């Protein structure tokens, strides 16, 4: 009933509004002390940033509206701070709410992603009389999907094979694209998502947005660590793969990882047909 009142109040009475073209937002529920059911509107227009809501009361609707063409499909990923508590995160669309992150999941550091077309982020304060020492805080990051029918980035999708078209596009649009083999797999100390850390030995780095992969002096090779869900069952071996993926909150996550022989055959066919979306040097 309270959720219905919140949404109705937003539409009918024009509750407190806040808009900004900044990447980050910090607010306090103490401004709502005498209006505990106020709903505040927040607009964030960057590809990544953060939100910090002190002493949460009422609710905040977070509209992620980056300055990109309207045709660009985006996936939003949220990473709660470990001390985040005092509110539950929902997706709101046409007055209906869908649970996204509970207080317990935030405390466990669970990262969750959703498509921006699924709705706005509705952050509802928990019904408590004592709001002291409570803060709801998270980072957000927006990741473009490849095509309307394509495969958006998410750790859950990492084990599903990419189609040939998705693979060729991933080569061009991913944050990193490298050739090499799995040298070692180890469990993550911070294993809230069932993830593993994979050490790669690389013979070629085609592209990377940050210094994830570093050269090994005197060996003519590269090395670096990437993240994968444990259910992908990565194993060390001599087979070479093409690893592509995205940085999520500074960590490299693999999205497509075909055998390099398969990729090489696919790429040469696309090159011959003139359908390769970008060019690399294969050997």
Would you call residue 252 crowded, with 19+ Cβ neighbours inside 10 Å and closer than 25 Å to residue 47 by Cα?
yes
Select from the stretch 241-275 the residues that are in a loop (DSSP other than H, G, I, E, B) and more than 27 Å from the chain's Cα centre (by Cα) and write down the one among them that is farthest from residue 169 (Cα to Cα).
274
Any idea which of (1) in a loop (DSSP other than H, G, I, E, B); (2) in contact with a strand residue (DSSP E or B) (Cβ under 9 Å, 6 or more places away or on another chain) is the one residue 218 doesn't satisfy?
(2)
Looking for something over 25 Å from residue 117 (Cα atoms), modelled with pLDDT under 90 and part of a strand (DSSP E or B) - is there at least one such residue anywhere in the stretch 72-87?
no
Would you mention how many residues in the stretch 95-120 are touching a residue at least 40 places away in the same chain (Cβ under 8 Å), part of a strand (DSSP E or B) and closer than 30 Å to residue 173 by Cα?
3
Step by step: first the residues of the stretch 132-167, then only those that are over 19 Å from the mean Cα position of the chain (by Cα) and crowded, with 21+ Cβ neighbours inside 10 Å, then the one that is modelled with the highest pLDDT. Which residue is that?
167
Of these, 125, 94, which one is surrounded by 13 or more Cβ atoms within 10 Å (Cβ to Cβ) and more than 19 Å from the chain's Cα centre (by Cα)?
125
Considering 92, 124, which residue is closer than 18 Å to residue 28 by Cα, touching a strand residue (DSSP E or B) at 6+ places or on another chain (Cβ under 7 Å), part of a strand (DSSP E or B) and in the same structural domain as residue 49 (by TED's automatic domain parsing)?
124
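The values are calculated or read from the model by the stated rules, or taken from the named source; none is laboratory data. Predicted model only: the values in this text are computed from it and were never measured. When we count neighbours, we look across all protein chains shown, and the Cβ atoms used for this are built from the backbone with ideal geometry, even at glycine.
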